[in-house]
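Reading through the structure tokens given below for one structure.
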Amino acid sequence: MKIRDIVTTVAEELGLTAVISYLQGVSNTSGETETNNLVRCYNLVEGELAVDYLPLYAEDEIWTDTGAVFYTELSKKAVRIVAVTDENGNGVPYKIFPEYLKAQAGKICVRYSYVPTEKGLEEDSDYQLLACKHMLVYGVATEYCLATGLFEEAEVWEKKYRRAVKNAYKSKPSVVMHTRRWA
């Protein structure tokens, strides 16, 4: 899903005609500014979703001589390390430090949740499967309304956004533990 599609939908929902005309190719300074503001709001929403509600996961295979893997070596900005495995897929003990993690030497695979990088209008969202377009539209509309001082409208959009996040959270597979009966 393209960010352009999300921004276009938000502009249509909020009646931002300058943004719509700018996205259709009509050169318009105020439309460009408002479009950039909507893209900024999109980046805020995507980051909030990744950190607080629907984490995004990545895996990187890394070769290390010392067992130390600096977070800067990972392909994305890590939030939380989920697992470290060896080349056979077996779990490896590791310790987390402020700038790196320490595991065994050799080829390891690090699985982690990450914060998406800021994107531009023509880029794709990191949420291709976890979040629907409407959830992102609601979140961007909320942020935009708050930023422009439309607090009553923001409240309406935020209710829709929170409901969509809650529904997405419910749709994630859950672990069911059956009760035990003791004799």
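Derivation of every value follows stated rules applied to the coordinates shown; laboratory data play no part. Keep in mind it's a predicted model, so treat the numbers as computed, not measured. Cβ: placed from backbone, ideal geometry, glycine included. Neighbour counts: every protein chain shown.
Stretching Ser30 away from Cys132 to a fully extended chain increases their span by 33.8 nm, per 0.36 nm per residue minus the current alpha-carbon distance. Length gained on full extension, Lys160 to Ala83: 24.3 nm, using 0.36 nm per residue less the C-alpha separation.
As a length-normalised measure over Cα pairs under 8 Å and 6 or more apart, the relative contact order of the stretch 56-115 settles at 52 percent. For Thr85, the shell of other residues with beta-carbons less than 14 Å away shows a net charge of -3, using +1 for Lys and Arg and -1 for Asp and Glu. Counted over the chain with a bin width of 10 Å, the fraction of Cα pairs per bin, in whole percents, is 9, 29, 24, 20, 13, 4, 1, 0. Basic side chains Lys and Arg get +1 at the Cβ, acidic Asp and Glu get -1 at the Cβ, and with that the dipole of the stretch 56-115 about its Cα centre reaches some 280 debye. A protection proxy built from the mean count of other Cβ atoms within 10 Å ranks the segments 108-117, 35-44, most packed first, as 35-44, 108-117. As a proxy for reagent exposure, Ser27, Ser21 were ordered by neighbouring Cβ count within 10 angstrom, fewest first; the result is Ser27, Ser21. Per residue, the average separation of C-alpha pairs within less than 8 Å and at least 6 apart gives the chain a relative contact order of 25 percent.
Only helical DSSP H runs with n ≥ 4 go in: add -39500 (n - 2.57) per run for the chain, normalise by residue count and round the 222 nm mean residue ellipticity to 500 deg cm²/dmol.
Helix contribution divided over all residues of the chain: -13500 deg cm²/dmol.
Nearest 0.05, what FRET efficiency do Val92 and Asp124 give at R0 = 41 Å with Cβ-Cβ as r?
0.80
For the stretch 56-115, the spread of Cα coordinates along the three principal axes comes to 26, 21, 17 Å, biggest extent given first.
Taken about its Cα centre, the stretch 83-152 carries a charge dipole of roughly 420 debye when the Cβ of each Lys and Arg holds +1 and the Cβ of each Asp and Glu holds -1. Counting neighbouring beta carbons within 10 Å and listing from fewest to most, the residues Glu158, Glu87, Glu46 come out as Glu87, Glu158, Glu46.
How big is the charge dipole of the chain about its Cα centre, in debye rounded to the nearest 20, if each Lys and Arg gets +1 on its Cβ and each Asp and Glu gets -1 on its Cβ?
Computed about the Cα centre, the dipole is about 1080 debye.
Note on Glu61 and Glu12: the extension gain reaches 13.3 nm, defined as 0.36 nm multiplied by sequence separation minus the Cα-Cα distance.
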